[in-house]
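S.K.: Have a look at this one.
The values are calculated or read from the model by the stated rules, or taken from the named source; none is laboratory data. These figures come from a predicted structure and were not determined experimentally. When we count neighbours, we look across all protein chains shown, and the Cβ atoms used for this are built from the backbone with ideal geometry, even at glycine.
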Amino acid sequence: MLAIICLRLSGEFAMEVICDGQGDLPGRLQAAGIEVHSLPLTTKWSFTARIPRLAATIRALKPDLVQLHGQFAGSLGQVALQLAGRPKSLYTVQWPSYLDDTGPWSRFRNQAAELVSCGPATAIVTVSDHDRRTFIQRGLAKPDKITVIHNAYSIQIDEMAELSEAPNRDVIGFVGRLADQKGVEFLIRAAPSVLATHPRAKFLVVGDGPDRPMLESLARELGVTQSVEFAGYRPEPSSMILGMDVVVIPSIYDPFPLVTLEVMALGRAIVGSAVGGIPEAVQDGKTGVLVPPKDPAAIAAALVNLLDHPQLVAEMGAAGKQRAKREFSPGTITAQYAALYRRLLATADS
């Protein structure tokens, strides 16, 4: 999301980025004429150690507005801003700290971290109305301080979408990290029921992560290894969506997964968990089907119904594509950020 904002709005706003320098993001930004300052900010420990250096960099840049993007930047970044003289700040919540609550100590720590992020912030952006309501309920911020701006699908997706046609091969897909939070276990557990009525169906699991060995073992235990393929992240995940009929997003919790928007923009129907921000993207019965989390039977029933009605799959995919372009395109979402920047900068100048 950071790349989309910078690449589309750098013509209107003078932008510089401070990041950990990893991946292809710095090169893409520099190629567009955006100056990038690289600091070792990858973990909370390296971030903490570099707070003085980060503060010095911000002080030298003298920005009118600093956008703190994500969890570490939100909390530790506010400490650096205090040392830098407290410029205006916008905290963008990508992954709220409270999603990592595991017990009393972590709940206290995560609540404190979000208070540090939210308290000094001039404004806050949440990526879903679900998160906005949760922040208010938890006493983290007042309603007038929070703006909801959903995520956008990537700029390259529009080009791919023009080439996409429904494959109609009964391919059921998942794209994402293979971790407990993503709920892939429940998709695998749904497979036997789907295969009982659609034996030619294929399940394509695109991604990797700590749960992959467990999921592969589960597929063997359930006797579905011939129908379930674990594909890793190669080739590029978004291109692999084009070979799927229906994509399942079985998350246990999720603020607003980007893959939901990519799947819709590429014209594919979705079966998604009714958690977090997913219902704000997927319209139940129109662009996909919403099911309870951790419910293999509900996932299986939704998939069987869709595979029984390929025309419905095509209609949902087409409706999702239209909705994605209208509500979640890079142009639509960055226009909302631009309007917020203008408002905050006008307040700063007044």
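S.K.: Out of the residues in the stretch 228-250 meeting the condition of being assigned to a loop (DSSP other than H, G, I, E, B) and surrounded by 24 or more Cβ atoms within 10 Å (Cβ to Cβ), tell me which one is modelled with the highest pLDDT.
M.R.: Here the answer is P250.
S.K.: Determine if the stretch 46-58 includes at least one residue that is within 23 Å of Y337 (Cβ to Cβ) and in contact (Cβ under 8 Å) with a residue 40 or more places away in the chain.
M.R.: yes
S.K.: Which of the numbered conditions does H309 fail, given that it passes all the others? Conditions: (1) surrounded by 21 or more Cβ atoms within 10 Å (Cβ to Cβ); (2) more than 24 Å from the chain's Cα centre (by Cα).
M.R.: Exception for H309: condition (1).
S.K.: OK, next. Can you run down the residue pairs with Cβ atoms below 7 Å, 6 or more apart or on separate chains, where the first is in the stretch 168-186 and among the acidic types (D, E) and surrounded by 18 or more Cβ atoms within 10 Å (Cβ to Cβ) and the partner is at pLDDT 95 or above and in a strand (DSSP E or B)?
M.R.: D170/K202
S.K.: State which residue is surrounded by the fewest Cβ atoms within 10 Å (Cβ to Cβ) when the search covers only the stretch 75-98 and only residues that are closer than 14 Å to T126 by Cα and aliphatic (A, V, I, L, M). It would help to see each step written out before you state the result.
M.R.: Of all residues in the stretch 75-98, those closer than 14 Å to T126 by Cα come to 90-98.
Then keep just the ones that are aliphatic (A, V, I, L, M); that gives 90, 93.
Working: L90: 19, V93: 28.
Selected residue: L90.
S.K.: Out of all the residues in the stretch 258-295, which are within 18 Å of Q311 (Cα to Cα) and in a strand (DSSP E or B)?
M.R.: A269, I270, V271, D284, G288, V289
S.K.: Answer yes if at least one residue in the stretch 315-328 is more than 22 Å from the chain's Cα centre (by Cα) and either touching a residue at least 60 places away in the same chain (Cβ under 8 Å) or more than 13 Å from A269 (Cβ to Cβ) (or both), and no otherwise.
M.R.: For the stretch 315-328, residues more than 22 Å from the chain's Cα centre (by Cα) and either touching a residue at least 60 places away in the same chain (Cβ under 8 Å) or more than 13 Å from A269 (Cβ to Cβ) (or both): absent.
S.K.: Would you say P310 is within 23 Å of S193 (Cα to Cα), modelled with pLDDT under 95 and out of contact with any strand residue (DSSP E or B) (no Cβ under 6 Å at 6 or more places or on another chain)? Before the answer, list the steps.
M.R.: On the way: within 23 Å of S193 (Cα to Cα): yes; modelled with pLDDT under 95: yes; out of contact with any strand residue (DSSP E or B) (no Cβ under 6 Å at 6 or more places or on another chain): yes.
So P310 passes the test.
S.K.: Considering each residue of the stretch 93-119, count those that are farther than 15 Å from P143 by Cα and either outside any helix (DSSP H, G or I) or polar (S, T, N, Q) (or both), and give that number.
M.R.: 11
S.K.: Of all residues in the stretch 50-74, count the ones that are among the hydrophobic types (A, V, I, L, M, F, W, C), surrounded by 14 or more Cβ atoms within 10 Å (Cβ to Cβ) and part of a helix (DSSP H, G or I).
M.R.: Of the residues in the stretch 50-74, 8 are among the hydrophobic types (A, V, I, L, M, F, W, C), surrounded by 14 or more Cβ atoms within 10 Å (Cβ to Cβ) and part of a helix (DSSP H, G or I).
S.K.: Applying the selection to the stretch 19-31, what residues are under 24 Å from the mean Cα position of the chain (by Cα) and either of a type in the set (G, A, S) or not in a helix (DSSP H, G or I) (or both)?
M.R.: C19, D20, G21, Q22, G23, D24, G27
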